[in-house]
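The structure appears below as structure tokens.
The values are calculated or read from the model by the stated rules, or taken from the named source; none is laboratory data. Owing to the predicted nature of the structure, the values given are computational and were not obtained by experimental measurement. Here the Cβ positions follow ideal geometry from the backbone for every residue, glycine too, while neighbour counts run over all protein chains shown. Ligands, DNA and RNA are stripped out before the accessible areas are found, and what is left, the full protein with its side chains, is counted by its heavy atoms. Shrake-Rupley method; radii C 1.70, N 1.55, O 1.52, S 1.80 Å.
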Amino acid sequence: MAEEFGLDLEELKQLQNIAKRPRVLNLINSEISNLEKLRDSAISVKPEVPVSVPAPVSSSIKPVSPAMNYVTLGTFSWDQDNEKVKMYISLEGVDQDNVQAEFNPMSLDIKIHDVKGKNYRCAIPKLHKEIVPEKCKVLVKPKRIIITMFKSSRGNWLDIHHKEDKIKPSLEKEKDPMAGIMDLMKNMYEGGDEEMKKTIAKAWTDARSGKVADPLKGL
């Protein structure tokens, strides 16, 4: 743009030299003055600097992977000695590095990942008795997985799962001692002969009427 103004000024100055009439000279001088201002302005304007747009920054936050699905391994065999319990899980194609084991004093949770496109899990939420977690281990064989758990105390386990004690007196019997005696009399009555049945029936009747303190007295 400044170059164009320079060429125009050059021609106007040539006309200025040949012009004779005062009115024409004034017009030429005025236009020369305007063009000089425009030329100076164009020279002083800095060329546009392209604004650099920052490249998009990729986010370092990884998308949350969906929860893994597991096939439950509920079938296994086991054996024991006085010091340890061993579980045997039949499963081929397992990589030792893909086995995640979590042992607690009264539970275990074994997760097996990426076995022919599937994930497997074997968990016992409550063991029969306590184990020593830091001594427990998992060994992968070509066709099975061996889980070794060391017992907290030596002895024999009746089951690998925790079992509640089945021999528990009922709350009503604990509250009423006579209830247990009445049950015993009933069993004796049902399994006794005619004489026994008559004797128990009489004792039962007396006990209910309050005549005898001990319903088994005299039997």
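Selection of the range 94-121 for residues being assigned to a loop (DSSP other than H, G, I, E, B) and surrounded by 14 or more Cβ atoms within 10 Å (Cβ to Cβ) yields Val94, Met106. Sort out which residues of the range 15-69 are hydrophobic (A, V, I, L, M, F, W, C), at pLDDT below 70 and within 60 Å of the chain's Cα centre (by Cα), and write them in order of number. Result: Val49, Val51, Val53, Ala55, Val57, Ile61, Val64.
Among the residues of the range 136-151, those identified as more than 22 Å from His162 (Cα to Cα) and outside any strand (DSSP E or B) are Lys141, Pro142, Lys143.
Condition test on Ser77, is it in contact with a strand residue (DSSP E or B) (Cβ under 6 Å, 6 or more places away or on another chain), open to solvent by 80 Å² or more (accessible area, probe 1.4 Å) and either at pLDDT 70 or above or not small (Gly, Ala, Ser) (or both)? When the stated conditions are applied, Ser77 does not pass them. With respect to the conditions (1) open to solvent by 30 Å² or more (accessible area, probe 1.4 Å); (2) touching a residue at least 60 places away in the same chain (Cβ under 8 Å), Lys143 lacks only one, and its number is (2). Filtering the range 76-114 to residues that are free of Cβ contacts under 8 Å to residues at least 40 places away in the same chain and within 13 Å of Ile160 (Cα to Cα) leaves Ser77, Asp79, Asp81, Ser107.
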